[in-house]
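Rule-based calculations on the coordinates, nothing more; no lab input. If you're wondering where the values come from, they're calculated on a predicted model, not measured in any experiment. Positions of Cβ are backbone-derived with ideal geometry, glycine not excepted, and every protein chain shown enters the neighbour counts.
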Amino acid sequence: MNEPLSCVVERTVRHYRMLRPGAAVVVGFSGGADSVALLSWLFQNAGTYGITVAAAHLHHGLRGAEADRDAAFARAFCEARGIPFFERRVDTAALARAAGEGVEACGRRLRYAFFADVCKQYPDALIATAHTLSDNAETMLLRLARGAGAKGLSGIPFVRGRIIRPLRAVTREQVEAYCREQGLSFCEDSTNADLRFARNRVRRCIVPQMKRLDPRFEEAAGRAAKAFSEDEACLWELGEEALQAARFKHGFSCKTLLLAKRAVRMRALQKAAGENGAAPLSQGHLDALDAILSAGGSCVLPGAVRASVSQGVLLFLKAPDGFSAPSFQVPLAFPETPLPDGRTLFLRPLSAKSQEKPDFPFSNAIDYDTITPDTVVRTRRPGDRFCQPGRREKPLRRLQNDLRIPAALRDGLLVLADRDGLLWAQGCGVSARAACSRKTRRIAVIEVKECTENWKT
């Protein structure tokens, strides 16, 4: 690939619409060749794209005098051009030990946190990192060695949220050629030669062998990453459709999810878990979650979320005390009642002539005049009985079973009660004595917000 860096970057920026007029671009600026080329190109073309440019340099506290040299170089480079320069020093090794993570992962986390902090200085900010086509090929090989699927083999994205990578389509050789042509000096990181690091072994040992097979290996890897990315996007779209088809009041239908192909189902499960507070799932967690769809039972997911299957329904439960649903009772207040578990029950006034009233027996529209000063909001209790409009009274637990409300949810569901019994039960509707009729003068609709489990009133 002999095309000049500027041409490739211009095409990349246009294709992915990376730059918008009025934006500030915060460049992750290490002082190495890649970041020097990126910052220089953006600075030279700032007027063309109507952007402002700033540089952010994180001193990781890992390489002693060499890191001090890089920081001084980066500062001087920006001062000479009038580019706003932000610097932060951290002890990455100590922070990694405290967090129980690897130094490389900790450094990456600290960098992006720093870049995000710098962005707060600007009303409309983007973060630009200097990842190249060569970095992408190395990343794909590293992920392949760890057994990555389509997502991992999609490589480094050109755009992720407000993070842009204008150099993503150029090789390291093109970067260095650009620096020579522009007369740009840059810093060399001595740790790049240290073969104790996996990326360096890939860069210095494996990539050269791949280039012996195909001199344009990095471009070929880029094409493969694009194909994987398109496949992954398609699978996620199908996964969202499968999840939507499986979604209903209590949770997600196991039967419907099991109809989807496994690759699609895995995406649907990942999305469902994320929606309900789980951290990103490993393949092992996904396999466990998939297994309970047909076998039943439960499994614990990252983020203190428990997934369980009850009556053919997949549920996700997250509670601060470790999945138990604490019982409580508080006086009903109008128009809202804060509850001990973080939820809030609202009473929303509604005209008696409104057409908004839901159909029975699941109506949450209550005859407001049946609410007395002693009415409370609480969880269910042994012996609770409930009478739906036009039906016979029966134990609440039996009614919940008849309505196929999953057992795992029942202890956390709410009721309105007074000294004479239940006025309303979540998922069962309003009782016969509190139901609206033609004689009803005032109506209140009951709504529950900020639920800690997968339940929609």
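For the chain, the residue among 414, 429, 386 whose Cα projects farthest onto the positive side of the dipole built from Cβ charges is 386. Diffusion coefficient (Stokes-Einstein, Kirkwood radius over C-alpha pairs, 25 °C, 0.890 mPa s) for the chain: 92 µm²/s, rounded to a whole number.
Measuring nothing but how far apart in sequence close Cα pairs (under 8 Å, 6+ apart) lie, relative to its length, region 5-220 scores a relative contact order of 26 percent.
Among the trypsin sites (Lys or Arg not before Pro) in region 6-101, those located in a DSSP loop and surrounded by at most 11 other Cβ atoms within 10 Å of their own Cβ are 17.
Between the Cα long axis of helix 217-246 and the first principal axis of the chain there is an angle of about 10°, rounded to the nearest 10. For residue 32, nonlocal amide neighbours, meaning residues 5 or more places apart or on other chains whose placed amide H falls under 5 Å from its own, are 187. Would you calculate a helix-derived [θ] at 222 nm for the chain, using -39,500 (n - 2.57) for each DSSP H run of n ≥ 4 and dividing by the full residue count, to the nearest 500? That calculation yields -12000 deg cm²/dmol at 222 nm.
For region 329-449, a simple Cβ point-charge model (Lys and Arg +1, Asp and Glu -1, everything else neutral) yields a dipole of about 360 debye relative to the Cα centre. Look at 171, 344, 12 and count the other Cβ atoms within 10 Å of each Cβ; fewest to most, that gives 344, 12, 171. Orientation-averaged projection of region 249-317 equals 4.0 nm² [convex hull of Cα atoms, one quarter of hull surface area].
Phi angles across region 304-309 convert, under the Karplus curve 6.51 cos²θ - 1.76 cosθ + 1.60 with θ = phi - 60°, into 3J(HN,Hα) values of 6, 10, 9, 9, 9, 10 Hz, Gly and Pro given as x. The H on the amide N of residue 423, modeled in the peptide plane, is under 5 Å from the matching H of 416, 417, 418, each at least 5 residues off or on a different chain.
Once R0 is set to 25 Å, what does the formula 1/(1 + (r/R0)^6) return for the Cβ-Cβ distance between residue 122 and residue 72, expressed as a FRET efficiency to the nearest 0.05? Computed FRET efficiency for residue 122 and residue 72: 0.50.
With R₀ fixed at 56 Å, the C-beta to C-beta distance from residue 2 to residue 63 puts the FRET efficiency at about 0.95. Cβ crowding within 10 Å, taken as a proxy for footprinting-reagent exposure, orders 77, 86 from fewest neighbours to most as 86, 77. Under 5 Å between amide hydrogens, built in the peptide plane, is the criterion, and for residue 87 it picks out 57 among residues at least 5 positions away or on other chains. Take the Cα of residue 442, step 7 Å toward its Cβ, do the same at residue 262, and the gap between the two points is 6.0 nm. Counting only DSSP beta bridges with both residues in the chain, the antiparallel share comes to about 75 percent.
Distance from the C-alpha centroid of region 1-46 to that of region 402-426: 59 Å, rounded to the whole angstrom.
Each of 366, 127 has some number of other Cβ atoms within 10 Å of its Cβ, and from fewest to most they run 127, 366. Calculate the length of the line joining the C-alpha centroid of region 272-349 to that of region 158-198, in whole Å. Here the two parts' Cα centres lie 45 Å apart. Sequence-ordered 3J(HN,Hα) estimates for region 265-273 from the Karplus curve with 6.51, -1.76 and 1.60 and θ = phi - 60° stand at 4, 4, 5, 4, 5, 4, 5, 4, 5 Hz, glycine and proline given as x. Here the label points at residue 93 and residue 180, each 7 Å from Cα along the C-beta direction, are separated by 3.7 nm in the simple model.
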